[in-house]
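Data block below; observations after.
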Amino acid sequence: MPNPATAAARLVAALHDEHARVAIPGFYDGVVELTDRERELFAELPFDESQWLRTAKSYATQGEAGYTTLERVWARPTAEVNGIGGGYQGPGSKTIVPSSASVKLSFRLVAGQDPDHVEKAVRAWAEQQVPAGIRCEITFSGATRPCLTPLDHPALQSVARAMGRAFEKPVRFTREGGSGPAADLQDVLGAPVLFLGISVPSDGWHAPNEKVELDLLLKGVETTAYLWGDLAENWRHAP
């Protein structure tokens, strides 16, 4: 009799290859690769990996070979196992063959990936991992399309100039993960989506004790004032 828990464990083990790349055929289709300039800009950031690990309450970084921690976090898609279960897990021993097992996965998409395509690829791959004699049921929750405004876009350059003017310092670029309607707004409006973030990681975004640094908030107001003027001037002379 096939063992669902064993099949689930083997499915999870097959999710990544020996280089920590997602092993699902077609998963990376369309992914926008990092440019040499983007990798240079990421490398210029004052990133302390040991401090980052302490904040994340982790002991080591790992992931797709050939990329730094920041490159993997910001620009590479991932597949994670959020949970796996099946069979008897209470105290003592019990020699049974489980009747069912479950695995919960999540996929972080990046620029260029299409959620519908990824779902089809995952379904086809998962069905191939299940041995004969086991029924497989796959369900997906809602997906958010990825969105990216290129570094050389004139509107983003306006943000950089406005922020540099307000803070009187060179501006460095990061990327940010999350879920939102940015891609839909970009399609509907036919315009780039710009994020003007005036906060620091210790602000505890979305946490019960979320805060804001007042001096940064005021700098954000100043940046916004400069931005409108820069955008008006930039688009007035745009071809």
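Read-outs throughout are calculated quantities, based only on the coordinates presented, and are distinct from any laboratory measurement. Just so we're clear, the structure is a prediction, and the values are computed from it rather than from any experiment. For neighbour counting, all protein chains shown are included, and Cβ atoms are generated from backbone atoms with ideal geometry for every residue, glycine included.
Between the range 177-239 and the range 60-139, the C-alpha centres lie 34 angstrom from each other.
Loop-located GluC sites (Glu not before Pro) in the range 67-169 (DSSP state other than H, G, I, E, B) with a sparse environment of at most 14 neighbouring Cβ atoms within 10 Å: Glu137, Glu168.
Potential lengthening of the chain between Ala160 and Thr68 amounts to 30.7 nm, from the contour at 0.36 nm per residue minus the alpha-carbon distance. For the chain, modelled as a GNM whose springs connect Cα atoms under 10 angstrom apart, the maximal fluctuation among Lys120, Lys169, Lys57 occurs at Lys57.
Placing R0 at 35 angstrom, the Cβ-Cβ distance between Ser100 and Val32 gives a FRET efficiency of 0.35 after rounding to 0.05. Working from label points 7 Å from Cα in the Cα-to-Cβ sense, the Thr224 to Ala132 distance is 6.5 nm. Protection proxy ranking, highest mean first, for peptides 3-12, 147-156: 3-12, 147-156, where packing is the per-residue count of other beta-carbon atoms within 10 Å, averaged. Summarising the label geometry, the points placed 7 Å from Cα in the beta-carbon direction at Ser202 and Glu168 lie 2.3 nm from one another.
Structural size metrics of the range 1-129, computed from C-alpha coordinates, are Rg and Dmax of 18.2, 58 Å. Convex hull of alpha carbon positions in the chain: directionally averaged projected area 17.7 nm².
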